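Structure, as structure tokens:
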Amino acid sequence: MAIKDLPDTEYVLAGSAACPGCPATIGLRIVLKALGKNTVMIVPACCTAVIESVYPNTSFDIPVMNIAFEAAAAGASGVEAGLRMQGKKDTTVFAWAGDGGTYDIGIQALSGAIERQTNFIYICYNNQIYSNTGIQRSGATPLGAWTTTTVGGKTEVRKEMGDIIRAHHLPYAAQACISYPEDLYNKVKKAKSIKGPKYIEILAPCPPGWHFPMEKTVDMGVLAIETGAWALYEFENEKMIFNGKSKLLLEKKIEPKPVEEWIKYQGRFRHLFKPTRDEKTLKAIQDNTDIIWERYRKCYL
Amino acid sequence: MSKKYNVVTSISYPKEGAMGKTGSWRVFKPIFSKDKCVKCLRCWIFCPEGAVKKNKDGSVSIDMDYCKGCGICANVCNVKAIIMEREEQQ
């Protein structure tokens, strides 16, 4: 699969309300290319609820239901049940939520929907902050990152949502990144073909939230993978398969770049470098990444 | 895209340019040179706006009505077929 083999059809129409350089619309364009026309999307409060644009127009060329912050997965369960009763079994139902609506506010609805084996896809686009409401800290914000509510840098490590999801023993879960469109496309295609609950998480580097120039969105995703700050994997039939560079990192065939290579381009970590280098926090960030990879190696190699 | 639904509740209908001509947000504009393009389509898939359109022959053209000028296309282009230039002051 090469980029030129991806379908031409656009379901995200030009002229939306997204910021320039928005990773969410890059991800959504690829996801909807994979899911096709016969799809219902559930959107809780998140950036995408704004990107849709204002009444009476919308930028998305598929049926969309907006729902409360905590209820994305519950709403998807209801839509799926309704379609099933109408005999529309080939319609794909998917929830598209941010990391705030997944990690923090929507976790109980998500956990419930997966446990009930609801036949739907839950996609979390993770920009590691509540960017829609003005860059507040979320459970996905990494250690040391500035947000408007963690002015001196976050003092806690981020939650490992993948581990929580895998504990539900669901048929399919995956982690992807907007910088690898073929990988993301294949994962969504595969999720569409499997019955039962599916969970996909997409890393979405946010230019205004992470404070980097808007043309660097794709580069930030690539660096996140190369430094090991994010991993590409699939979890299918209780087996973990790492993809692309993450596979090479897991098998130690390539050396990961230091995490500093990734964070030094982001304004949200600037206080770690200026006026003096905060060696203690920088080491803690690197150690946290190493611990995650050591655990991956112990469990899945 | 044009189908209307007979429902009681208020619903929005899909429209290109739902927020108007977003090209007016632009500070830097992309300049595309066709002779340098190798048709890898990286600019097309990474354009957040879908403003880079794929032509039938596999080349691309940029819809300046909606291009917000983020510069991702120029940044992901490996052969520098797209460069960014400052918009002239209106």
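The values are calculated or read from the model by the stated rules, or taken from the named source; none is laboratory data. Keep in mind the model is a prediction, meaning the values are calculated, not measured. Neighbour counts are summed over all protein chains in view; Cβ atoms, including those assigned to glycine, are modelled from backbone coordinates with ideal geometry. These area figures cover heavy atoms from the full protein model, side chains too; ligands, DNA and RNA do not enter into them. Shrake-Rupley method; radii C 1.70, N 1.55, O 1.52, S 1.80 Å.
Do we have residue A:139 as surrounded by fewer than 21 Cβ atoms within 10 Å (Cβ to Cβ) and assigned to a loop (DSSP other than H, G, I, E, B) here? So residue A:139 fits the description; yes.
For residue A:57, the criteria (1) more than 8 Å from chain B (Cβ to nearest Cβ); (2) open to solvent by 30 Å² or more (accessible area, probe 1.4 Å); (3) polar (S, T, N, Q) hold in every case but one, which is (1). The numbered conditions (1) more than 7 Å from every other protein chain (Cβ to nearest Cβ); (2) under 30 Å from residue A:223 (Cβ atoms); (3) of a type outside the set (Val, Ile, Thr) are all true for residue B:34 except (2). Considering the stretch A:4-35 alone, what residues qualify as being farther than 30 Å from residue A:137 by Cα and either among the polar types (S, T, N, Q) or open to solvent by 20 Å² or more (accessible area, probe 1.4 Å) (or both)? Answer for the stretch A:4-35, where residues must be farther than 30 Å from residue A:137 by Cα and either among the polar types (S, T, N, Q) or open to solvent by 20 Å² or more (accessible area, probe 1.4 Å) (or both): A:4, A:5, A:7, A:8, A:9, A:10, A:11.
Considering (1) more than 7 Å from chain A (Cβ to nearest Cβ); (2) open to solvent by 20 Å² or more (accessible area, probe 1.4 Å); (3) of a type in the set (S, T, N, Q), the lone condition that residue B:75 does not fulfil carries the number (1). For residue A:68, the stated conditions hold: it is within 20 Å of residue A:102 (Cα to Cα), away from chain B (no Cβ under 12 Å) and surrounded by fewer than 20 Cβ atoms within 10 Å (Cβ to Cβ). For the stretch A:175-230, the set of residues classified as surrounded by 23 or more Cβ atoms within 10 Å (Cβ to Cβ), over 19 Å from residue A:36 (Cβ atoms) and charged (D, E, K, R) consists of A:201 only. Only a single criterion out of (1) β-branched (Val, Ile, Thr); (2) under 22 Å from residue A:206 (Cβ atoms); (3) more than 7 Å from every other protein chain (Cβ to nearest Cβ); (4) surrounded by 16 or more Cβ atoms within 10 Å (Cβ to Cβ) is not satisfied by residue B:27, namely (4). Candidates A:245, A:257, A:253: the one that is open to solvent by 70 Å² or more (accessible area, probe 1.4 Å) and assigned to a helix (DSSP H, G or I) is A:245. Residue A:40 - would you say it is open to solvent by 20 Å² or more (accessible area, probe 1.4 Å), more than 8 Å from chain B (Cβ to nearest Cβ) and either under 29 Å from residue B:73 (Cα atoms) or at pLDDT 95 or above (or both)? So residue A:40 fits the description; yes.
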